[in-house]
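Undergrad: Structure provided below as structure tokens; questions to follow.
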Amino acid sequence: MNDKTNKQIMSNVDEYGFEKTKEENEIKSKYYEVLTKRSLRWNKVFPGQIIAGRRLNRFIRKGIPLNLRKKIWMKISGAQRAFEHNMNLYQHLLKSQYQKEIVEVVKIDIPRTFPENIYFETHHRALFNVLVAFAHQNKSIGYCQGLNYIGGLILIVTKDENATFWLLKHLIENVASEYHTKTMFGLQRDIFVITEIIKMREPLINEKINEIGLPWAVILTKWLICLFAEVLPVETVLRIWDVMFAEGYKVIFRTAIAIILILKEDIMKTSDITELNELFRNVFTDPRMVNCHSFLQFMFTIKLRRRDIEDLRIRYSQ
């Protein structure tokens, strides 16, 4: 490959190694200006130690600079503290004997993970290690499809196996609780919660979806099982994860509801299941989702109380 071809390829990918769409090129040129200003502000306000508090949470909602994400994700999630209490766990797991069945399934999924990313092939071994280590330390989950996308995207950001293991462990065990177990109880429960919230707040959307005949579970399963990776544009997912690491599971509900509300007019115009499926499949390139700053701003206008989520979770469990 000559230098000219190499430069053309590099100019057409984002900082994570993903190909930039036309929509991203148009929106991100302005967004990068915002990022530069935010990065300077972060360095000014938090020049050394990151101190938890309302000010930090405000900054997180406006986006963590890429070069600070690993450090801040580890701190705000509690993953750093967990690591410090058991510093040798990951290395111990790597040296343990692996179950052949888990190894084989993970090996199949690794090449399917972000194949379009120009850098990711170099992360294949690291992702394999992380997924197999996680599967053997959490036997109630083992390995489940979806973990490869979550772990892979964390790895792209952190470029650190150990940090990726601890951050993945936090998300799967504390935020997306019981989404990836064999029964997927938590996943089914939270699909029920989101569906009930839409029924109460947006009955016309719910009626339209039911009329067309596309089950809510079909729409929502991938969103939740991948925590929106491979569903929304990469930078939007990372901005959501910034807040998810800080604020927890409530962000999952905010995100799902925000997508549905943004698509409301389009949903109401669909006439059959094919159109509706296509609409949800295209959220990855939808300019309203690509503009992560506007998406997050809208997301936080949605009034949602933890108590309401918990009440619906209890209702599902009864």
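Every number in this text was worked out from the coordinates using simple rules, so none of it is lab data. Only a predicted model underlies this, so the values are computations on that prediction, with no experimental measurement involved. No Cβ is skipped: glycine too gets one built from the backbone with ideal geometry, and neighbour counts run over all protein chains shown.
Undergrad: Taking only segment 87-144 into account, find how many residues are assigned to a helix (DSSP H, G or I), over 12 Å from Leu168 (Cβ atoms) and polar (S, T, N, Q).
TA: 2
Undergrad: Can you tell me which of Thr164, Thr158 is in contact with a Ser or Thr (Cβ under 6 Å, 6 or more places away or on another chain) and touching a residue at least 60 places away in the same chain (Cβ under 8 Å)? First the steps, then the outcome.
TA: On the way: Thr164 fails: touching a residue at least 60 places away in the same chain (Cβ under 8 Å).
Exactly one residue qualifies, and that residue is Thr158.
Undergrad: Also, I was wondering about something else. For the condition aliphatic (A, V, I, L, M), under 28 Å from Asn57 (Cβ atoms) and in a loop (DSSP other than H, G, I, E, B), what is the one hit in Val237, Val231?
TA: One residue alone meets the criteria, Val231.
Undergrad: Further question on the same structure: Can you name every residue in segment 271-318 that is part of a helix (DSSP H, G or I), touching a residue at least 60 places away in the same chain (Cβ under 8 Å) and among the polar types (S, T, N, Q)?
TA: If the condition is that a residue be part of a helix (DSSP H, G or I), touching a residue at least 60 places away in the same chain (Cβ under 8 Å) and among the polar types (S, T, N, Q), then Asn277, Ser317 are the ones that fit.
Undergrad: Condition test on Met244, is it assigned to a helix (DSSP H, G or I) and either over 21 Å from Gln188 (Cβ atoms) or without any contact (Cβ under 8 Å) to a residue 40 or more places away in the chain (or both)?
TA: On the way: assigned to a helix (DSSP H, G or I): yes; either over 21 Å from Gln188 (Cβ atoms) or without any contact (Cβ under 8 Å) to a residue 40 or more places away in the chain (or both): no.
In short, no.
Undergrad: Tell me, yes or no, whether segment 47-55 has at least one residue that is in a helix (DSSP H, G or I), out of contact with any strand residue (DSSP E or B) (no Cβ under 6 Å at 6 or more places or on another chain) and surrounded by 11 or more Cβ atoms within 10 Å (Cβ to Cβ).
TA: Step one: of segment 47-55, the residues in a helix (DSSP H, G or I) are 54-55.
Subset that is out of contact with any strand residue (DSSP E or B) (no Cβ under 6 Å at 6 or more places or on another chain): 54-55.
Cutting the leftovers down to surrounded by 11 or more Cβ atoms within 10 Å (Cβ to Cβ) gives us 55.
Within segment 47-55, one or more residues are in a helix (DSSP H, G or I), out of contact with any strand residue (DSSP E or B) (no Cβ under 6 Å at 6 or more places or on another chain) and surrounded by 11 or more Cβ atoms within 10 Å (Cβ to Cβ).
Undergrad: For the condition of a type in the set (A, V, I, L, M, F, W, C) and without any contact (Cβ under 8 Å) to a residue 40 or more places away in the chain, what is the one hit in Met87, Met74?
TA: Details: Met74 fails: without any contact (Cβ under 8 Å) to a residue 40 or more places away in the chain.
Met87 is the lone residue from the list that is of a type in the set (A, V, I, L, M, F, W, C) and without any contact (Cβ under 8 Å) to a residue 40 or more places away in the chain.
Undergrad: Still on this structure, please answer the following. Has segment 207-216 got any residue that is among the β-branched types (Val, Ile, Thr) and either surrounded by fewer than 22 Cβ atoms within 10 Å (Cβ to Cβ) or more than 14 Å from the chain's Cα centre (by Cα) (or both)? So that I can check it myself, show each step before the final result.
TA: Initially, segment 207-216 is screened for residues among the β-branched types (Val, Ile, Thr), giving 209, 212.
Narrowing the set further to residues that are either surrounded by fewer than 22 Cβ atoms within 10 Å (Cβ to Cβ) or more than 14 Å from the chain's Cα centre (by Cα) (or both) leaves 209, 212.
Yes, some residue in segment 207-216 is among the β-branched types (Val, Ile, Thr) and either surrounded by fewer than 22 Cβ atoms within 10 Å (Cβ to Cβ) or more than 14 Å from the chain's Cα centre (by Cα) (or both).
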